[in-house]
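Here the structure comes first, spelled out in structure tokens, and everything after it is commentary.
The values are calculated or read from the model by the stated rules, or taken from the named source; none is laboratory data. A quick note: this is a predicted structure, and the numbers were derived from the prediction, not measured. Glycine gets a Cβ as well: all are built from the backbone with ideal geometry, and neighbour counts include every protein chain shown. For accessibility, only protein heavy atoms count, side chains too; no ligands or nucleic acids. Shrake-Rupley method; radii C 1.70, N 1.55, O 1.52, S 1.80 Å.
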Amino acid sequence: MTTISDTKPHIIQIVGYKNTGKTTLTAALIGHFSSMGLKVAAIKHDGHDHFEMDQEGTDSYRFGEAGASAVVVMSEQRTAIMERQATKLEDMLSHLSGYDWIVVEGFKEASYPKFVMVREEKDLTLVNQLDGVVGMISWLSLDQVMEPDFVNRDIIWYSIHETEEIAKALLAMVESNCRQNREFES
């Protein structure tokens, strides 16, 4: 079974098909962890490559339009880096190594621990296809999800409406892994 690393940053992926609640859950987890005083980073995969962070008419937009391959905007409280190049997930995770948690939305094929979002029965195929699945977050009832034909592994099920319990479960997974490692080292 995949476990969440007991060393920081702890990484959890939220994966699923379109409109399954990935962004809502990601934001909820960030909110729960942040409210505990933890430093949280978020990474979102845009499979359509159509996002633009800077807006027409801003200085950063003008710099990009003028040909800058990277534009950095900094203030006393924020920094934004926009590069016109692909970045590997591992490189970005390394860049964010000073955080307590990194919540990654998307990147289904990455090998980090992940929750699979299930809105409809057809979404259950992802649970069996992906590596690193530590649980599923579902709009369906437990009875609907645990049919023997749907899921081929022992998986933890959570309702989409249990975001606080999901955050607590992630923290418990880390603590359990820490305890096991301490016992192993003794």
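Yes/no per residue for (1) in contact (Cβ under 8 Å) with a residue 12 or more places away in the chain; (2) under 23 Å from the mean Cα position of the chain (by Cα); (3) within 22 Å of Y112 (Cβ to Cβ):
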residue: T23; (1), (2), (3): yes, yes, yes
residue: T26; (1), (2), (3): yes, yes, yes
residue: G37; (1), (2), (3): no, yes, no
residue: G47; (1), (2), (3): yes, yes, yes
residue: E56; (1), (2), (3): no, no, no
residue: G67; (1), (2), (3): no, no, no
residue: A70; (1), (2), (3): yes, no, no
residue: E76; (1), (2), (3): no, no, no
Residue that is surrounded by the fewest Cβ atoms within 10 Å (Cβ to Cβ) [pool: residues in region 6-21 that are under 14 Å from the mean Cα position of the chain (by Cα) and closer than 19 Å to S94 by Cβ]: P9
Matching entry among V151, V134 (being part of a loop (DSSP other than H, G, I, E, B), modelled with pLDDT under 95 and either open to solvent by less than 60 Å² (accessible area, probe 1.4 Å) or touching a strand residue (DSSP E or B) at 6+ places or on another chain (Cβ under 7 Å) (or both)): V151
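Here's the yes/no breakdown for (1) under 14 Å from the mean Cα position of the chain (by Cα); (2) open to solvent by less than 20 Å² (accessible area, probe 1.4 Å); (3) polar (S, T, N, Q):
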residue	(1), (2), (3)
G106	yes, yes, no
K122	no, no, no
T125	no, no, yes
L140	no, no, no
M173	no, no, no
S176	no, no, yes
